[in-house]
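Right, one structure below, let's go through it.
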Amino acid sequence: MAELISMPKLGFDMAEGLLQEWLKKTGDTVNEGETIAIIETDKASVEVPSFRAGVLLKILVEAGTSVPIGTPIAVIGTEGEKLDMAALGLSEAAQTETPAKTAPAAEEKPSEVEAAAAAADIVLPSAATEQAAEPAEGRLSASPVAMRMAAELGIDLRQVKGTGPGGRIIKRDIETHLTEREKVPTKATVTPSIPTPSYEPTMESYTTVPLSPMRQTIGRRMMESKTQAPHFYITSDVDMAAAMALRSQLNALLPEDQKISINDFIIKAAALALREFPNLNASFAGNEIHVQNEVNIGIAVARETGLLTVVIRDCDTKSLTQIAADARELVGRARGGRMKPDDMVGGTFTISNLGMFDVDHFIAIINPPQAAILAVGSVAQTPVVVDGQIVVGTRMKTTISADHRVTDGAEAARFMQAVTAGLEQPMRLVL
């Protein structure tokens, strides 16, 4: 029986995605879990696997097109099956690929994407929205992503050359336009005025670096989190001597590609503490608090374009070696720029570790809609007092940022005590 493949939701605030590339064509046989397309979000390129085995009966959205999440993009069924578009809630008049819009808006028939979106109760950008960017000599077609980027960056779409279907302006055209524009150096115009005291130096020459879509998303989400969620912070100083010794013993028994990192110890300790204090494994939802049943920990991965959070699932039930293997695989895919749909979604708590950069201590901004994030500094030797004597100790600072709408200081402090106990008595993490 034929079924629809829809644009997946690949992030908490994702509203639409760009269908970057089809790896299969109409009539191809696909296996369950086989990658059939590449979706581009504002953070990464993500592989879309087939949820079942069968034949790709019809492609509804062509490569280079942005559509809202939930919009049907293809139909999969069995070999030789007659495709009943009406049974799927789609129009019979649909073409194999989304046609370029050339007729005036008033004479257009609904496209396949529009019909499918209507059936799924999804609102697509209206013709009036695109008409706002229309030059006098004819209609200018642009994808929703391109229009949003142009509005945010102050770009006149009439100055952008479209390379999409029928000359449609798509995301990469905006990025190309920005690159070309920045090749021409500009000098800031200084308007003469009455001199006033200033503590800032006057810079007459600078280089403008446009915000990437990923950086825009990070900025928007962090601003929303910091202004909407009342953050509070608690820092703990952890004795890491026992954890470092156990890690050395375990890694001596493991091959090079299976070594366990300190971050794996931290993930496991946090996961067990979250099981004990579920309010930290929750999210704020208006008049409700959603306490999550799974412990899925996101770890922040640094890329040239910005931070990306990948999610390790069921950390409270996995062994240290399983967590280490999952982390290696996820970080590798994130840095390679080819993610899977589940890699970035479903996180219930986040850990941001800057210890590898010799950072002693920092605080992190909560990753919405989660209730807390744990910031981790480096493990370092430092003077400590033991039984009245100053000795060399091995210490690491951890700081939790928590949402005061969901939890309180005393509960967060007990959570931090549980994390500290797990790291200072690390055999708890392997039993």
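Read the figures in this text as sums done on the coordinates, not as results from a lab. A quick note: this is a predicted structure, and the numbers were derived from the prediction, not measured. Positions of Cβ are generated from backbone atoms using ideal geometry, with glycine treated the same way; all protein chains shown enter the neighbour counts.
Order of 231-239, 398-406, 290-298 by packing, highest average Cβ count within 10 Å first?
Highest to lowest by the protection proxy: 398-406, 290-298, 231-239.
For R158 and K259, FRET efficiency with R0 = 51 Å and r from the beta-carbon atoms, rounded to 0.05?
0.35
Summing Lys, Arg as +1 and Asp, Glu as -1, what charge do residues with Cβ under 9 Å from the Cβ of F284 carry, F284 excluded?
Surrounding charge for F284 is -1.
With the cut-off at 1.5 for a/c, could you classify the range 239-341 from its C-alpha gyration tensor as rounded, prolate or oblate?
Oblate.
Here are some pairs, K25/K58; K58/K82; K259/K318; K25/K171; K24/K340; K9/K318; which of them have Cα atoms lying more than 19 Å apart in this structure?
With Cα atoms farther than 19 Å apart: K25/K171; K9/K318.
Search the structure for amide H atoms under 5 Å from the amide H of V67, placed 1.01 Å from N in the peptide plane, and list their residues when 5 or more places away or on another chain.
Hits under the 5 Å cutoff: G17, L19.
Around Q20, what is the net charge, scoring Lys/Arg as +1 and Asp/Glu as -1 over all other residues with Cβ under 12 Å from its Cβ?
The answer is -1.
Starting from 0.36 nm per residue, how many nanometres of slack lie between A242 and R328 once their C-alpha separation is accounted for?
The span from A242 to R328 would gain 28.6 nm if fully extended.
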